[in-house]
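Novice: Pasting a structure here, questions to come.
The values are calculated or read from the model by the stated rules, or taken from the named source; none is laboratory data. Since the model is a prediction, treat every value here as computed from it, not as a measurement. Every residue, glycine among them, receives a Cβ derived from its backbone with ideal geometry; neighbour counts consider all protein chains shown.
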């Protein structure tokens with residue numbers, strides 16, 4: 001069944017220091033907005049989900065596998081399943097994240 005939502009009307013949910021999300025789950029896909037405050041570090045991790053990250057605003061620097069990336073507004077990256085990756089927000093940043101299959105809410109250490 002379809003599910004209509006409006007991200008801007010949803011509350012931000014803090015999931016770690018300097019990182020909040022707004023998440024919607026379907027049967028086989030998760031889509032979320034992520035809001036990184038400048039300096040936020042998402043430590044190296046991996047998961048069984050394929051992931052697409054699209055930067056709506058701001059800038060992230062990180063490593064996917066062995067490759068380093070600088071993602072700015074308008075940039076996107078596809079991360080295959082089980083590939084280690086990490087990110088640091090170089091400025092206040094908002095991304096759109098898509099995961100398949102669905103993903104539980106991320107849990108990170110502060």
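Novice: Scan 48, 89 and give me the residue that is under 27 Å from residue 1 (Cα atoms) and modelled with pLDDT of 95 or more.
Specialist: Step by step, each of 48, 89 is checked, and only 48 is under 27 Å from residue 1 (Cα atoms) and modelled with pLDDT of 95 or more.
Novice: Out of everything in segment 78-88 that is closer than 17 Å to residue 36 by Cα and buried (at least 18 other Cβ atoms within 10 Å of the Cβ), what residue ends up being nearest to the chain's Cα centre (by Cα)? Lay out the reasoning, then the answer.
Specialist: Taking segment 78-88 first, the residues closer than 17 Å to residue 36 by Cα are 85-88.
Adding the requirement that they be buried (at least 18 other Cβ atoms within 10 Å of the Cβ) leaves 85, 87.
Numbers: 85: 11, 87: 9 Å.
Result: 87.
Novice: Tell me the strands (runs of 3 or more DSSP E) entirely within segment 29-110 that contain at least 2 residues that are farther than 29 Å from residue 9 by Cβ.
Specialist: 41-45, 59-64, 67-72, 85-89
Novice: Continuing with the same structure: When you check residue 74 against the structure, is it surrounded by 14 or more Cβ atoms within 10 Å (Cβ to Cβ) and on the phi > 0 side of the Ramachandran plot, yes or no? So that I can check it myself, show each step before the final result.
Specialist: Working: surrounded by 14 or more Cβ atoms within 10 Å (Cβ to Cβ): no; on the phi > 0 side of the Ramachandran plot: yes.
In short, no.
Novice: If we keep just the residues of segment 11-23 that are surrounded by fewer than 14 Cβ atoms within 10 Å (Cβ to Cβ) and free of Cβ contacts under 8 Å to residues at least 40 places away in the same chain, which is farthest from residue 87 (Cα to Cα)?
Specialist: 11
Results for (1) touching a residue at least 24 places away in the same chain (Cβ under 8 Å); (2) surrounded by fewer than 19 Cβ atoms within 10 Å (Cβ to Cβ); (3) under 12 Å from the mean Cα position of the chain (by Cα); (4) at negative phi, shown as yes or no for each residue.
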| residue | (1), (2), (3), (4) |
| --- | --- |
| 35 | yes, no, yes, yes |
| 52 | yes, yes, yes, yes |
| 66 | no, yes, no, yes |
| 70 | no, yes, no, yes |
| 90 | yes, yes, no, yes |
